[in-house]
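Report on the following structure.
The values are calculated or read from the model by the stated rules, or taken from the named source; none is laboratory data. Since this is a predicted model, take the numbers as computed values, not measurements. Neighbour counts are summed over all protein chains in view; Cβ atoms, including those assigned to glycine, are modelled from backbone coordinates with ideal geometry.
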Amino acid sequence: MKLIRKLLPILVLIAFAVTAYVVVSNPPTIKKSRQEAVAKLNIEVTKIKAENLKIDVESYGTVKPRTQSILYSQVSGQIIEINPKFREGGFFEKGETLIQLDKRDLLTNIQITKSALFNAQQALQEEQARSEQAEQDWVRLGNTDKAPDLVLRKPQLMAAQAKVLSSEASLSQAKLALERSDIKAPYTGRILKKEVDIGQVVSPNTQLAEIYAVDYVEIRLPIKNKDLPYVVLPEPNRFSSTTVANIELPKVNFYSDLIGEQSWQGKVVRTEGALDAKSQQLFVVAQINDPYGKENSAVNPIKIGQYVTAKISGKVIENAITIPNKTIYQGSYVYVVEDNLLKRRNINIVWQNRKSSVIDKGLNENDFLVLTPLGQVSSGMRVAIKSIDGEPVVNSNKLKSNEPGIKGHEKERKNLTPEQRELRKAQREKRQSNTNGAEQ
């Protein structure tokens, strides 16, 4: 019994050694297959296309009248009648009477000046008669030389003529005051602010109303420095025969949501001569012709002081590569897919608006740009393509960049030379040998 207990551990060790020898001497004949890399990320891509792009430069501004002025009274008097259009927001035509003043004092003044004129004319006729009589007396006395001016009473005659001229001027002034008692519109416009009303007594230089012209309105628009190369500026050279009238003015579309969705069309008519001191930007001036006319009657009238956004029609960029802004990271790079691998591309932005950017470096036509927002990812990560431009992809393993479509690797193998095929075969065998050695 004691002998069995002593030999038992030795027998167990011998059995373990024999088992280990058998296992090592007879390895498994079935080799493990290499597990292919599995894509960790499903993404959406778009195929980049180079197309001509019409630039629309965005801006903003406040509506201002072409001409804005204050209407003053030039004579004194009591307001006895007011045109129904003389109210805030009222429209009026050029030459239309807006206010009528009491004319009785002015009519009396005309009669007074007429009386003074008649007296001056009578005095002039008497002085002319005295001058003629003096000349006759000079000749009758036997004088052969020319009579002096004092003898002929010429100074008195000139004084009488001056009184006539002064009386005539006073009469013209009185008639003009009477005419100005009917206060008329200097241009076709609209009342911005009313200052007086019926029954009020006004004097010269009394402010009656604030008015503005309605033939067109103007909007001052700032242009970003990066947008200047893409806008046709109406700024002819000083020494050039070309005028603004001969230039095709850039069209502008104006928008406002003050009273629903409103829109107007206008044109850029001039460029300011200096940069704005605060923003260091160049401003252009656009105008909307006849904003209250029949052509704009379908929309609510534009208001003075109304804030509007603008889209200025710019130049055309030929063969432009345009991508959505949401695909750009930190303003300097994007991700594309090449052979189902994620690749980072540094880009250069030459123009950008709120939705898209134009790229001149870093991307090529037919590249597959990643649309899916990515977090912390590494360049070279294997990905799976679930859609291209919204179209589902069945087998994304055949996706290749810079090809007209998803042609796969089969087309690539057909285009290889025999030497390239042999080289790829040797590379595959080497990778397979390395994989088998690692598994063993």
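What residue, among those in the stretch 293-303 that are surrounded by 14 or more Cβ atoms within 10 Å (Cβ to Cβ) and among the aliphatic types (A, V, I, L, M), is farthest from residue 232 (Cα to Cα)?
Here the residue is 299.
If you go through the stretch 127-158 one residue at a time, how many are in contact (Cβ under 8 Å) with a residue 12 or more places away in the chain and touching a helix residue (DSSP H, G or I) at 6+ places or on another chain (Cβ under 9 Å)?
Number satisfying all stated conditions: 11.
Can you work out which of the residues in the stretch 332-353 that are closer than 30 Å to residue 220 by Cβ and surrounded by fewer than 20 Cβ atoms within 10 Å (Cβ to Cβ) is nearest to the chain's Cα centre (by Cα)?
353
Quick one: would you say residue 275 is at pLDDT 90 or above and of a type outside the set (Asp, Glu)?
Taking the combined requirement at face value, the residue does not satisfy it.
Just one of 129, 177, 185 is among the aliphatic types (A, V, I, L, M) and more than 60 Å from the chain's Cα centre (by Cα); which is it?
Matching residue, one of 129, 177, 185: 129.
Can you confirm whether residue 347 is under 25 Å from residue 320 (Cβ atoms), modelled with pLDDT of 90 or more and of a type in the set (A, V, I, L, M)?
Yes.
Scan the strands (runs of 3 or more DSSP E) fully inside the stretch 256-374 and keep the ones with 2 or more residues being out of contact with any Ser or Thr (no Cβ under 6 Å at 6 or more places or on another chain) and under 20 Å from residue 60 (Cβ atoms).
262-271, 282-289, 307-324, 348-352
Which condition number does residue 219 fail, the rest of (1) surrounded by fewer than 19 Cβ atoms within 10 Å (Cβ to Cβ); (2) within 22 Å of the chain's Cα centre (by Cα); (3) under 17 Å from residue 304 (Cβ atoms); (4) not polar (S, T, N, Q) being met?
Condition (1) is where residue 219 drops out.
Under 8 Å between Cβ atoms, which residue pairs at least 6 apart in sequence (or on different chains) link something in the stretch 159-182 that is in the same structural domain as residue 205 (by TED's automatic domain parsing) and under 16 Å from residue 118 (Cα atoms) with a partner that is acidic (Asp, Glu) and assigned to a helix (DSSP H, G or I)?
159/127; 160/126; 160/127
Can you report the number of residues in the stretch 177-227 which are in contact with a Leu (Cβ under 7 Å, 6 or more places away or on another chain) and of a type in the set (Ser, Thr, Tyr)?
Within the stretch 177-227, residues that are in contact with a Leu (Cβ under 7 Å, 6 or more places away or on another chain) and of a type in the set (Ser, Thr, Tyr) number 2.
Any residue in the stretch 311-320 that is among the basic types (Lys, Arg) and surrounded by 13 or more Cβ atoms within 10 Å (Cβ to Cβ)?
yes
State which residue is farthest from residue 388 (Cα to Cα) when the search covers only the stretch 49-93 and only residues that are in contact with a Pro (Cβ under 7 Å, 6 or more places away or on another chain) and surrounded by fewer than 17 Cβ atoms within 10 Å (Cβ to Cβ).
So the residue we want is 76.
Of the residues 133, 100, 111, which single one is farther than 30 Å from residue 201 by Cβ and assigned by TED's automatic domain parsing to the domain that holds residue 185?
133 is the lone residue from the list that is farther than 30 Å from residue 201 by Cβ and assigned by TED's automatic domain parsing to the domain that holds residue 185.
Taking the criterion of being assigned to a loop (DSSP other than H, G, I, E, B) and surrounded by fewer than 15 Cβ atoms within 10 Å (Cβ to Cβ), would at least one residue in the stretch 166-187 satisfy it?
Checking the stretch 166-187: at least one residue is assigned to a loop (DSSP other than H, G, I, E, B) and surrounded by fewer than 15 Cβ atoms within 10 Å (Cβ to Cβ).
Rundown of residues vs (1) more than 26 Å from residue 103 (Cα to Cα); (2) modelled with pLDDT of 95 or more; (3) buried (at least 18 other Cβ atoms within 10 Å of the Cβ), yes/no style:
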{"residue": "150", "(1), (2), (3)": "yes, no, no"}
{"residue": "197", "(1), (2), (3)": "no, no, no"}
{"residue": "214", "(1), (2), (3)": "yes, no, yes"}
{"residue": "223", "(1), (2), (3)": "yes, no, yes"}
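Return the total of residues in the stretch 225-262 being closer than 28 Å to residue 85 by Cβ and either at pLDDT 90 or above or not small (Gly, Ala, Ser) (or both).
The qualifying residues number 5.
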